[in-house]
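I have placed the structure first, in the form of structure tokens, so that the comments after it can refer back to it.
The values are calculated or read from the model by the stated rules, or taken from the named source; none is laboratory data. Treat the numbers as computed from the prediction; the structure is a model and nothing was measured. Here the Cβ is made from the backbone with ideal geometry for all residues, glycine too, and neighbour counts use every protein chain on show. Remember, those area values only see protein heavy atoms, side chains included, never the ligands or the DNA or RNA. Shrake-Rupley method; radii C 1.70, N 1.55, O 1.52, S 1.80 Å.
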Amino acid sequence: VWKQWGCSSSICDGQYFHPGWDYNGTGYCDDDRGTDIQAVAIGVVRYVNTSSWGGIVIEHLYQGTTVYSQYGHIASAQVSVGDVVDKGQHIAEMSDVGTDCVHLHWEIRESDHPNPQYGGYWDCGILSNGDQVENYYEHPEWWVDNHGPYGVCSAPSLVSPSDGYVASDPDRTIT
């Protein structure tokens, strides 16, 4: 697994701040092709494009705060714009779209990000300024580790269209 958060050098003509973490398992570059990518939390899909590096963006509401998770370099999207996803739901597969080695690029964007719903957002002017990166992005693993379950609530009653059955689970935990 390689993880990056901080300075890198690449397409920005010098140093820039890498706003996400890159994940790849053991083995060679392409060994993880097709690995399932799962949603980090419940949310609404706001962007899907598997022909560019930006991949998928999901909007999440956590205790009154809106954040966006971005999943880059993915293929085979299993979701569409407007879909509601659950934590752990299979949303795509790991690929090498827009890069030369299969991996997942994962970001957590804040709501004041210049364009939080656009998956392919990459601005060298902003990414070369550490203060701006800290303002618009959260460290992905820190965010997950420090923002526990959304809370406990009663699940809505669901009516099955096929048989009219009404189901309700009052102990459902939304995480």
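Values for this structure:
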{"read-out": "THR66 surrounded by fewer than 17 Cβ atoms within 10 Å (Cβ to Cβ), part of a strand (DSSP E or B) and over 12 Å from the mean Cα position of the chain (by Cα)", "value": "yes"}
{"read-out": "Test result for GLY82, at positive phi, open to solvent by 20 Å² or more (accessible area, probe 1.4 Å) and modelled with pLDDT of 95 or more", "value": "yes"}
{"read-out": "Condition met for VAL44 (outside any loop (DSSP other than H, G, I, E, B), of a type outside the set (Phe, Trp, Tyr), open to solvent by less than 30 Å² (accessible area, probe 1.4 Å) and at pLDDT 95 or above)", "value": "no"}
{"read-out": "Whichever residue in the range 93-135 is outside any loop (DSSP other than H, G, I, E, B) and touching a Lys or Arg at 6+ places or on another chain (Cβ under 9 Å) and, among such residues, is most open to solvent (accessible area, probe 1.4 Å)", "value": "GLU93"}
{"read-out": "First in the range 74-101 and farther than 20 Å from TYR121 by Cα and in contact (Cβ under 8 Å) with a residue 40 or more places away in the chain, second anywhere and among the acidic types (Asp, Glu) and open to solvent by 60 Å² or more (accessible area, probe 1.4 Å), Cβ under 6 Å, 6 or more apart", "value": "HIS90/ASP36"}
